[in-house]
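The values are calculated or read from the model by the stated rules, or taken from the named source; none is laboratory data. Here the structure is a predicted model, which means the values were calculated and not measured. All Cβ positions, glycine included, derive from the backbone under ideal geometry; neighbour counts span all protein chains shown.
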Amino acid sequence: MINKYKICIDYYFKVIKNFKSKKVFYKYNKVSITYLDASQKLKKFLNFLNKKKNSGNIVVYCDKSIELYCLIQAIFLSGGTFIPISKNTPASRIVSMLDEIDIDFFIYDNFDDQKIYKKIATKYNIIELKKILKDQISPKYEIKNYIGNYNQNAMIYFTSGSTGVPKGTCITHFNYIRDFYLQKNNLYKKNTNDLIFGDYHETSFSIFFDIYFPAVYFGSALSPAKTFFEKTEIISHLKKNKVNTLITVPSTIQRISELHQNILPINNIEIIIITGETFYLNQLKYIFNSFNSKKIFNCYGSTELSNWVFYHDCKKSDIKKFIKYNLVPIGKLFKGLKYSIKKKILHIGGDVVSNGYLLSSQNKNKFYKIKNINWYNTEDRVEKYGGVLICKGRNKNIVKVFGYRVDLSDVESNMRKIKNINEAYCLKYNKNYRDILVAFIKKYKGFNQKKIQDELKNYIPSYMIPKKILAVKKFPLNINGKTDKKKLSSYYTL
């Protein structure tokens, strides 16, 4: 039987040991900071959190920095719960998310949007990151608040929900540490020395902890993208910072291929892991042609699964082998987990499966138990082929856009908040291997697409805002009198 307590404690003691080393922890352009130097900031955050009997639920609203990386680790070591919020999130949406939780602290570095500051400051105990660092006390490392709480929530991640309000997924220490060890055993058997992880995704996107947790365990360096240019055009950042571990979504690869069609092979990449979206064969072919990488994996999972549960070790032969689907397979299940396929839908069981959402009412038809094992209905359609699984996309209303999970009902619900929009439908289209959202509304006098898109910025993040909004005189109906979405989709051609 797995000793949950020992697995978690071993992980954290290894991380603590790294923070006493002179290995590079943070690398950004000409700035390099060791774990030992970073530990001074970590100690100050720990001192602040350990003054509290229970550091509790801690919302983090910060840009990428050495301070942020240290704060996150301090939250875990103190027994708190890390709740990341993207700065791309509108104020009203932040409030609706946090209304579901008892917030102990809201830690921020700055507020670019004063509307958000006013709403947050009146409701929560907010504290500026740099004020914590003014504390001159540097305590010894302590994890006494954490010991024995391996089933306590380590993180709460919010995903798109059908009601127009995101769903909070609760992930325990054991959930994510167990998943990390499965990743380590299958993806990082070798080449863990001197890795530099490129960090190109927001902390509120679950791919972040597949970058952060391996890095701090291996004693590797994290190299964050800070500017919009660095996040969207990663090649220059990747080269400048000598990144050799790239974990990203297919959309990133597609964007690179369009910007750098004749790119010379990049030779310093040890490992590339693709995740979060449908991975097409042409994107894999581009990687083989442009990145001289020792290992390329396609990994599959979700926030509710803490994150990855399937992996495929990509080969050049895959390009011909899976031409029938034009998809890279999600591959094989990590050893120790279980899966079943019910009506072509994938279900996952095992100790990486979250206990569910903050609101238990949202768990129906999603989470369940069999013989005391947690199971999760992914709502992904899969098919067996050549000894591996092919994921053919999300079922129903849930889609992936730029690696983010979006419930189309969430977009539709928020569109209906806008004056004159009483009915709205959102559909996903694929254009040049990129997914885009297109919305349809009833035509009204004064319709203006840009005004609607601008107003939606008050309710939903930018990646959820439809790229195209079409006004139609009437919606097509099926024989049951319901809107015929299949016919509606033909109203827009790429």
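So the values come out like this:
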item	result
Filtered residues of the stretch 453-494 (kept if out of contact with any Ser or Thr (no Cβ under 8 Å at 6 or more places or on another chain), under 29 Å from THR89 (Cα atoms) and either assigned to a strand (DSSP E or B) or aromatic (Phe, Trp, Tyr) (or both))	TYR463, LYS468, ILE469, LEU470, ALA471, TYR492
The one condition in (1) at positive phi; (2) surrounded by 21 or more Cβ atoms within 10 Å (Cβ to Cβ) that LEU238 fails to fulfil	(1)
Output for the stretch 1-20, where each listed residue is touching a helix residue (DSSP H, G or I) at 6+ places or on another chain (Cβ under 8 Å) and either charged (D, E, K, R) or part of a helix (DSSP H, G or I) (or both)	LYS4, ILE7, CYS8, TYR11, TYR12, LYS14, VAL15, ILE16, ASN18, LYS20
Of all residues in the stretch 253-311 being in a loop (DSSP other than H, G, I, E, B) and of a type in the set (S, T, N, Q), the one that is surrounded by the fewest Cβ atoms within 10 Å (Cβ to Cβ)	ASN262
From the options ARG381, ARG394, residue that is modelled with pLDDT under 95, over 27 Å from ASN3 (Cα atoms), out of contact with any Leu (no Cβ under 9 Å at 6 or more places or on another chain) and among the basic types (Lys, Arg)	ARG394
Qualifying residue in the stretch 372-389 (condition: assigned to a helix (DSSP H, G or I) and either assigned by TED's automatic domain parsing to the domain that holds VAL249 or among the β-branched types (Val, Ile, Thr) (or both))	no
Residue in the stretch 433-452 that is of a type in the set (Val, Ile, Thr), surrounded by fewer than 20 Cβ atoms within 10 Å (Cβ to Cβ), in contact with a helix residue (DSSP H, G or I) (Cβ under 6 Å, 6 or more places away or on another chain) and not assigned by TED's automatic domain parsing to the domain that holds LYS115 present	no
Which numbered condition LYS134 misses (of (1) touching a strand residue (DSSP E or B) at 6+ places or on another chain (Cβ under 9 Å); (2) farther than 24 Å from TYR212 by Cβ; (3) outside any helix (DSSP H, G or I))	(1)
So LYS450, is it part of a helix (DSSP H, G or I) and either touching a Leu at 6+ places or on another chain (Cβ under 9 Å) or of a type outside the set (Asp, Glu) (or both)	yes
Odd one out for LYS41, checked against (1) over 18 Å from PHE213 (Cβ atoms); (2) assigned to a helix (DSSP H, G or I); (3) touching a Lys or Arg at 6+ places or on another chain (Cβ under 8 Å)	(3)
Which numbered condition PHE82 fails, given (1) out of contact with any strand residue (DSSP E or B) (no Cβ under 7 Å at 6 or more places or on another chain); (2) at pLDDT 85 or above	(1)
Per-region count, the stretch 330-364, residues in a loop (DSSP other than H, G, I, E, B) and touching a residue at least 40 places away in the same chain (Cβ under 8 Å)	13
Lone unmet requirement of (1) more than 21 Å from the chain's Cα centre (by Cα); (2) closer than 30 Å to LEU337 by Cβ; (3) in a helix (DSSP H, G or I); (4) of a type outside the set (D, E, K, R) for SER409	(1)
Of all residues making up the stretch 333-347, the number that are within 11 Å of LEU389 (Cβ to Cβ) and either in contact with a Gly (Cβ under 7 Å, 6 or more places away or on another chain) or surrounded by 15 or more Cβ atoms within 10 Å (Cβ to Cβ) (or both)	3
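Conditions (1) out of contact with any Pro (no Cβ under 6 Å at 6 or more places or on another chain); (2) closer than 30 Å to ILE465 by Cα; (3) surrounded by fewer than 23 Cβ atoms within 10 Å (Cβ to Cβ); (4) outside the structural domain of ASN125 (by TED's automatic domain parsing), marked per residue:
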| position | (1), (2), (3), (4) |
| --- | --- |
| ILE2 | yes, no, yes, no |
| ASP10 | yes, no, yes, no |
| ASP37 | yes, no, yes, no |
| LEU42 | yes, no, no, no |
| ASN50 | yes, no, yes, no |
| VAL59 | yes, yes, no, no |
| ASN88 | no, yes, yes, no |
| MET97 | no, yes, yes, no |
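Let's see how each residue does on (1) assigned to a helix (DSSP H, G or I); (2) modelled with pLDDT of 95 or more; (3) touching a Ser or Thr at 6+ places or on another chain (Cβ under 7 Å):
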{"residue": "LYS130", "(1), (2), (3)": "yes, no, no"}
{"residue": "SER162", "(1), (2), (3)": "no, no, yes"}
{"residue": "ILE171", "(1), (2), (3)": "no, yes, yes"}
{"residue": "LYS189", "(1), (2), (3)": "no, no, no"}
{"residue": "ILE207", "(1), (2), (3)": "yes, no, yes"}
{"residue": "GLU230", "(1), (2), (3)": "yes, no, no"}
